[in-house]
Amino acid sequence: MYLNEDCLTYLKRIEDDSIDLVLTDPPYFEIVKNDWDNQWESEEEYLEWCREWTAECVRVLKNGRCLYVWGTTKTDTFLKYKLNVLNAHNELHYQNWIIWSYDWGGRTKKTFPRKHEDLLMYSKGKDFLFNGDDVRIPYKMSKNIRAGAVNHPLGKIPTDVWSKNNHTTSKEYCGWHPTQKPISLLERVIKSNTNPGDVVLDIFSGSGSTMIACNAAGRQFMGCELDKKYYNRSLERMENYK
Ligand SMILES: C[S@@+](CC[C@H](N)C(=O)[O-])C[C@H]1O[C@@H](n2cnc3c(N)ncnc32)[C@H](O)[C@@H]1O
């Protein structure tokens, strides 16, 4: 079920412990110029709103499954969200801080150009599903230089730094949403944290990247997007992507 709806309205209808993975990308608070990122009077008000939808996401997530949230450290708001909202939640256990690194687009000469975004991983409960073998990548060298060590035949599990350029010429790039995330990286999260047929939830769908990644990975998608134009275009994007 994918709807043009507010996230809290959408979440309230979902049953407790029914979702296999939450993978979402909320507004950041006054980082981009679009109205959707400037809806709050203050950072406190924004964090209070985050507390509400995060609690709902935890309620609907199954035990032993994961919640991933995208963000940026361009300001300290995301750090406050991590420390005061995610870490404060009894049922959540911090697992990873993944960096999406890229090297494209305009760059400042005043300091080192900021070319990464952040993805926090939490589990509900201490133990959680992780299908690392399903997302292995090739080793750089075919032989392990440590004597006696043998490379895994399927390759290695990626580190927590993921390089991927969002080239405007690639099929993944939609060109009409300011903060779209790479479909191939979303697929990595989905494959490693769910089984085929499982249900993935993204309550801030935007251009529909998570929905497209779910389709490619053979998982069910549930989600919403408040902006009608984005919602309609995300459905078109999904059709054109197949
Ligand atoms: C950071 S963007 C998500 C981008 C997405 N990950 C992608 O790849 O295209 C956040 C999205 O949340 C939507 N949004 C803002 N407030 C919302 C709300 N209350 N309920 C649902 N969606 C909302 C915005 O319209 C925006 O498209």
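The values are calculated or read from the model by the stated rules, or taken from the named source; none is laboratory data. Computed from a predicted structure; not experimentally measured. FYI the Cβ positions are ideal-geometry reconstructions off the backbone, even for glycines, and counts take in every protein chain you see.
Results, tabulated for the structure shown:
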{"read-out": "Qualifying positions in the range 133-192 - of a type in the set (S, T, N, Q) and either closer than 15 Å to M211 by Cβ or touching a residue at least 12 places away in the same chain (Cβ under 8 Å) (or both)", "value": "N151, S163, N165, N166, T179, Q180, S184, S192"}
{"read-out": "Pairs with Cβ under 8 Å, 6+ apart, first in the range 226-241 and closer than 12 Å to S209 by Cα, second at pLDDT below 95 and away from the ligand (no atom under 12 Å from the Cβ)", "value": "Y241/K171"}
{"read-out": "Complete set of residues in the range 60-110 that are in contact (Cβ under 8 Å) with a residue 60 or more places away in the chain, closer than 22 Å to N166 by Cβ and in a strand (DSSP E or B)", "value": "Y68, W70, N96, W97, I98, I99, W100, S101"}
{"read-out": "Flag if T9 is more than 23 Å from K229 (Cα to Cα) and either touching a Ser or Thr at 6+ places or on another chain (Cβ under 9 Å) or modelled with pLDDT of 95 or more (or both)", "value": "no"}
{"read-out": "Any hit, the range 226-235, residues being under 21 Å from L119 (Cα atoms) and at pLDDT 95 or above", "value": "no"}
{"read-out": "Selection status of R107, away from the ligand (no atom under 13 Å from the Cβ), surrounded by fewer than 13 Cβ atoms within 10 Å (Cβ to Cβ) and at pLDDT below 95", "value": "yes"}
{"read-out": "Those residues of the range 1-12 which are under 14 Å from A55 (Cα atoms) and more than 9 Å from the ligand (Cβ to nearest atom), in sequence order", "value": "L11, K12"}
{"read-out": "Strands (runs of 3 or more DSSP E) (entirely within the range 111-216) containing at least 2 residues that are surrounded by 13 or more Cβ atoms within 10 Å (Cβ to Cβ) and of a type in the set (D, E)", "value": "116-124"}
{"read-out": "Index of the failed condition, F29 passing every other in (1) in contact with a helix residue (DSSP H, G or I) (Cβ under 6 Å, 6 or more places away or on another chain); (2) near the ligand (Cβ under 7 Å from one of its atoms); (3) more than 22 Å from L186 (Cα to Cα)", "value": "(2)"}
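Yes or no, residue by residue, for (1) among the hydroxyl-bearing types (S, T, Y); (2) within 14 Å of the ligand (Cβ to nearest atom); (3) out of contact with any His (no Cβ under 6 Å at 6 or more places or on another chain); (4) on the phi < 0 side of the Ramachandran plot:
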{"residue": "G155", "(1), (2), (3), (4)": "no, no, yes, no"}
{"residue": "P158", "(1), (2), (3), (4)": "no, no, yes, yes"}
{"residue": "G175", "(1), (2), (3), (4)": "no, yes, yes, no"}
{"residue": "K181", "(1), (2), (3), (4)": "no, yes, yes, yes"}
{"residue": "E187", "(1), (2), (3), (4)": "no, yes, yes, yes"}
{"residue": "N195", "(1), (2), (3), (4)": "no, no, yes, yes"}
{"residue": "F204", "(1), (2), (3), (4)": "no, yes, yes, yes"}
